[in-house]
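Below you'll find the structure, written out as structure tokens, and then a few comments.
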Amino acid sequence: MPEYPKPSEKSESPRRQFLKIAGLSAGSAIAAGSAPLLAESKNDDERVQDQFYQISTFLTGHSDLDRGLSNRALAALTAADANFTTKFQTLQQAILTEKVSDPSLLRTSPIGQNEDLMATAKAVVSAWYLGYAGEPAIHAMEDNAHFITYSGALMYRPTMDATVIPSYARGAPSYWVNPPASIKQD
Amino acid sequence: MEYDADVIVIGSGALGNNAAYELAKQGKSVIILEAGKSIPRWKITENFRTSPRKNNYNDPYPNAATAPTSFAKDYIENTGSFAYLPGMLKLVGGTTWHWAACAWRYLPSDMKLKSLYGVGRDWPISYDDLEPYYCRAEEAIGVSGRSDEDQSGQGKKNFPPRSKDYPMPSDGINYMTNRMHDRLGKLGYRFVQEPSARPTNQPYDGRPACSGNNNCMPVCPIGSMYSGDVHARHAVKAGAKLLTEATAFKLEKGSGNKIEAVHYRNANGEDKKLTARYFIVAAHGFETPKLLLMSDVANSSDQVGRNIMDHNGLAIQFLADEPLWSGRGTVEEACIVNMRDGQHRRRYAASKHNIGNSVPNMPVAQRLIAQGIFGKELDERIRHDAARWVDISSMFETLPSPSNRVIPHPTKKDALGLPTLSIHYDVPAYTEAAKDIVLRDYRRIAAGMKGEIVNETSEWQNHDHIMGSVIMGKNPADSVVNGECRSFDHHNLFLATTGVIPAAGVVNPTLTGIALSIRIADIIAREV
């Protein structure tokens, strides 16, 4: 397993390298609505937010992630783990080095053998899919869990036509006697 | 002597409020004391939606230092082999804010456990004594159900016997239950529809019909599911006075062994005293014995706080070989009840399987992400697995044992300076003896659905059904209350709590607790 260098040890910006690996050009990034990322006058926090948005786009495979949610997710992950920024930047470098082109290939790439890197990748994907960061306590009120989003959690998107996001309603009483319309294809 | 009220009810949960309402309705003056505050449903719903702890059922509720929930740091200390940690709330309405509304009656045999099966204890009253009050309790909280099923699982008809039909018919059987019944019924599994305290296809008592928001725990966002706040409102409207942030800490004995006064502490730490002719302690299955022990009352039997029971549970999750779509409807739709009763209870505990019907995306996504499945594959697998997810949890019968016990903590205190709780609980051998039988049954059920087992829980779980802690019986030497829920030691003291239940069965005891509470109110109303 190679040692992946920290981002600062590389000459080219992680973002530009990442765009190349992810098959995106600066133009497509602009088209995707992330043009402000390219501004050179950003402060460090904004640059980290940009990097996090990029790795989130790559790891989730979703090109329409909300920038505001992305910043919330980063804040939550950092609050749960003070070293999170360094960890995700290291993962970003590793993805570049290993030239992983799709998130589904991560676990079978050399990165998949590195528990720390995979834990970071899972933390990012969990934040987007589950809507929280950290480990929520079930029988206690003290934990390091941080809320990000509920209705925006990506785990609900694949089933939106079939089941509710709990606490929201669908249809009329007893609609559930029938299966979803998709049942034959499911 | 002048009294502040005819009856003081300590605790504004479902049981206390139903008793308070019945008494106020009959013209009695009633004061209800509640340790917590009253907060509106919409705030609890918003707290839930914006919390990272979606599986922590206490989390959306107030957890004030002066009215801590059971999950507050250090509030419950466990000294036994099992961590007994029920989700107790302190607010107007009590813990039925998050109970999923399963509104079962006990079986006649549950109440004759010792006579029929030679284990545990009999109730001092029979099913027939309680039956009219079951009807009233079902009407009070609006239960929908099917009266044409054998809820005992023994292949009879219409059991247990009822003098009235359910106030509302059950809702339509959901697709998942129908499919599982089609396949598992052939293997001999007997299904029953969960009787449920929620309106089905029409409003009831100001509550809307269930729309399948699938969030009974931790909060029904539309107030369809019954919770104790309903009867707090009814009681107040009928004339009862409700005092919030008023934590009772002492019952004072007067002449003739009667309870004469209750002392309570408000959130500012100020102590007040109220007098009444009768007292109902309805302060939760653990807090009720705590108050009695702190007050040194009602304990000539030395059984206050002893004999605590739960329905200890196990669970299995598997992926069926066909899409079933758990999550459409309420979170509890159906049960498998074959082992709810029978001669096996001579040797090992009765049990009941609940077929969970929660939207499973959270556990499904957590599992897949943990496997490193990302991107488009993750989305596809979430849909595939969520459609096939089956979550069965089981409740087991337990037996009363004096060594299973709750006491006021000898040293720790809460912000009001009142003792926290110390619990000692070991799962009874009778219950342990049923574990392998149920685990084998899980395999058979999973195989019947050609399922891929995802997770089997062989560690005992909490089911928050507190019983036995102020046990009911015929004999004052081994019981705290008689069949009326009246203290053997104090004629004017009644306990409205599932803690009186002496034989646990395998069903949620809340409906039984409400039936007993309405009965208490009738008894007191005749005497006051």
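Examine segment B:175-183 for a residue that is open to solvent by 10 Å² or more (accessible area, probe 1.4 Å), touching a residue at least 24 places away in the same chain (Cβ under 8 Å) and more than 10 Å from chain A (Cβ to nearest Cβ), and state whether such a residue exists. Yes - at least one qualifying residue is present in segment B:175-183. Scanning segment B:348-400 for residues that are part of a helix (DSSP H, G or I) and either touching a residue at least 60 places away in the same chain (Cβ under 8 Å) or farther than 26 Å from A:I111 by Cα (or both) turns up B:N361, B:M362, B:R367, B:R383, B:H384, B:D385, B:A386, B:A387, B:R388.
Note on segment B:422-528: enclosed helices (runs of 4 or more DSSP H) holding 1 or more residues that are in contact with a helix residue (DSSP H, G or I) (Cβ under 7 Å, 6 or more places away or on another chain) are B:435-448, B:510-527.
The condition of being assigned to a helix (DSSP H, G or I) and either at the interface with another protein chain (Cβ under 7 Å from one of its Cβ atoms) or modelled with pLDDT of 95 or more (or both) holds for only one of A:T86, A:T149, that being A:T86. Here A:K122 passes the criteria (1) more than 7 Å from every other protein chain (Cβ to nearest Cβ); (2) without any contact (Cβ under 8 Å) to a residue 12 or more places away in the chain; (3) in a helix (DSSP H, G or I) except the one numbered (1).
For the residues B:V219, B:V192, the requirement of being in contact with a Pro (Cβ under 9 Å, 6 or more places away or on another chain) and not assigned by TED's automatic domain parsing to the domain that holds B:A276 singles out B:V219. All told, B:A261 falls short of being over 23 Å from the mean Cα position of the chain (by Cα), more than 17 Å from B:M294 (Cα to Cα), more than 14 Å from every other protein chain (Cβ to nearest Cβ) and open to solvent by less than 40 Å² (accessible area, probe 1.4 Å).
Rundown of residues vs (1) assigned by TED's automatic domain parsing to the domain that holds B:K273; (2) crowded, with 20+ Cβ neighbours inside 10 Å; (3) in contact (Cβ under 8 Å) with a residue 12 or more places away in the chain, yes/no style:
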{"position": "B:K37", "(1), (2), (3)": "yes, no, yes"}
{"position": "B:P40", "(1), (2), (3)": "yes, no, no"}
{"position": "B:R53", "(1), (2), (3)": "no, yes, no"}
{"position": "B:Y57", "(1), (2), (3)": "no, yes, yes"}
{"position": "B:Y61", "(1), (2), (3)": "no, yes, yes"}
{"position": "B:T79", "(1), (2), (3)": "no, no, yes"}
{"position": "B:T95", "(1), (2), (3)": "yes, yes, yes"}
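All of A:V177, A:V164 fail the test of being open to solvent by less than 50 Å² (accessible area, probe 1.4 Å), within 7 Å of chain B (Cβ to nearest Cβ) and out of contact with any Ser or Thr (no Cβ under 8 Å at 6 or more places or on another chain), apart from A:V164. Among the residues of segment A:127-146, is any facing chain B (nearest Cβ under 7 Å), out of contact with any strand residue (DSSP E or B) (no Cβ under 9 Å at 6 or more places or on another chain) and farther than 30 Å from B:D74 by Cβ? Looking for residues that are facing chain B (nearest Cβ under 7 Å), out of contact with any strand residue (DSSP E or B) (no Cβ under 9 Å at 6 or more places or on another chain) and farther than 30 Å from B:D74 by Cβ, one finds at least one in segment A:127-146, hence yes. Residues of segment B:184-213 that are within 13 Å of chain A (Cβ to nearest Cβ), surrounded by 18 or more Cβ atoms within 10 Å (Cβ to Cβ) and in a loop (DSSP other than H, G, I, E, B): B:R198, B:P199, B:T200, B:A209, B:C210, B:S211, B:G212, B:N213.
Residue count for segment B:103-121 under the criterion of being of a type outside the set (K, R), outside any loop (DSSP other than H, G, I, E, B) and open to solvent by 10 Å² or more (accessible area, probe 1.4 Å): the result is 4.
B:A35 meets all of the listed conditions (1) within 14 Å of B:G93 (Cα to Cα); (2) assigned to a loop (DSSP other than H, G, I, E, B); (3) within 11 Å of chain A (Cβ to nearest Cβ) but one, namely (3).
Scanning segment B:1-19 for residues that are surrounded by fewer than 24 Cβ atoms within 10 Å (Cβ to Cβ) and either part of a loop (DSSP other than H, G, I, E, B) or in contact with a Pro (Cβ under 7 Å, 6 or more places away or on another chain) (or both) yields B:M1, B:E2, B:Y3, B:D4. Per the listing B:L107, B:L85, B:L113, B:L33, the residue uniquely within 17 Å of B:P218 (Cα to Cα) and touching a Phe, Trp or Tyr at 6+ places or on another chain (Cβ under 9 Å) is B:L85.
The values are calculated or read from the model by the stated rules, or taken from the named source; none is laboratory data. Small disclaimer: the values here were computed from a predicted structure and weren't measured. Cβ: placed from backbone, ideal geometry, glycine included. Neighbour counts: every protein chain shown. The area values use the complete protein model at the heavy-atom level, side chains included, leaving out ligands, DNA and RNA. Shrake-Rupley method; radii C 1.70, N 1.55, O 1.52, S 1.80 Å.
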